[in-house]
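Before any comments, here is the structure.
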Amino acid sequence: MSLTEAQVKKIAKLTRIKLDDNEVKHYQAELSNILDWIEQLSEVDTDGVDDMTSVVNVGSPMRRDEITDGNCVDDVLANAPDSKYGYFTVPKMVE
């Protein structure tokens with residue numbers, strides 16, 4: 001697929017990239033080559049090939065979905081200027 005100069009200028013405008021005429025011709029060829037590669041990839045028969053997100057077959061580590069306090073309340077509250085009953089104490093803002 002070959003792009004025209006007008007299409008390259010439109011892409012440059014949409015991406016807010018300022019190109020002079022020499023750069024337009026250069027990127028016209030570069031972008032056309034990229035689109036040719038994409039067309040070539042679409043010709044590959046991928047029927048029966050499973051989708052994948054990585055070339056390495058690694059599963060996500062699973063853990064039980066439990067709500068916890070992190071078991072570090074004292075460590076967290078040690079950073080607080082003031083705390084009471086296991087919570088941060090803040091100044092009253094509303095009467």
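The values are calculated or read from the model by the stated rules, or taken from the named source; none is laboratory data. Here the structure is a predicted model, which means the values were calculated and not measured. We place every Cβ from the backbone using ideal geometry, glycine too, and count neighbours over all the protein chains shown.
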Sole miss for THR89 among (1) modelled with pLDDT of 85 or more; (2) out of contact with any Pro (no Cβ under 9 Å at 6 or more places or on another chain); (3) not aromatic (Phe, Trp, Tyr) is condition (2)
Here the residues within region 84-95 that are closer than 20 Å to GLY70 by Cα and within 39 Å of the chain's Cα centre (by Cα) are GLY86, TYR87, PHE88, THR89
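Being of a type in the set (D, E, K, R), exposed (fewer than 10 other Cβ atoms within 10 Å of the Cβ) and not in a loop (DSSP other than H, G, I, E, B) is the filter here; which residues of region 18-28 pass it? Walk me through it before giving the result.
Residues of region 18-28 of a type in the set (D, E, K, R): 18, 20-21, 23, 25.
Still in the running and exposed (fewer than 10 other Cβ atoms within 10 Å of the Cβ): 18, 20-21.
Matches in region 18-28: ASP21 only.
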Practice problem: Would you check if VAL90 is assigned to a loop (DSSP other than H, G, I, E, B), under 30 Å from GLN7 (Cα atoms) and without any contact (Cβ under 8 Å) to a residue 60 or more places away in the chain? | Solution: no
Log entry, pairs with first residue in region 34-55 being closer than 30 Å to SER2 by Cβ, second being exposed (fewer than 10 other Cβ atoms within 10 Å of the Cβ) and hydroxyl-bearing (Ser, Thr, Tyr), beta carbons closer than 8 Å, six or more apart or on different chains, reads none
(request) Report yes if some residue within region 62-76 is outside any loop (DSSP other than H, G, I, E, B), surrounded by 12 or more Cβ atoms within 10 Å (Cβ to Cβ) and modelled with pLDDT under 90; otherwise report no. (result) yes
Review point. Just a yes or no: is a residue in region 29-50 surrounded by 10 or more Cβ atoms within 10 Å (Cβ to Cβ) and either more than 27 Å from the chain's Cα centre (by Cα) or part of a loop (DSSP other than H, G, I, E, B) (or both)?
Key: yes
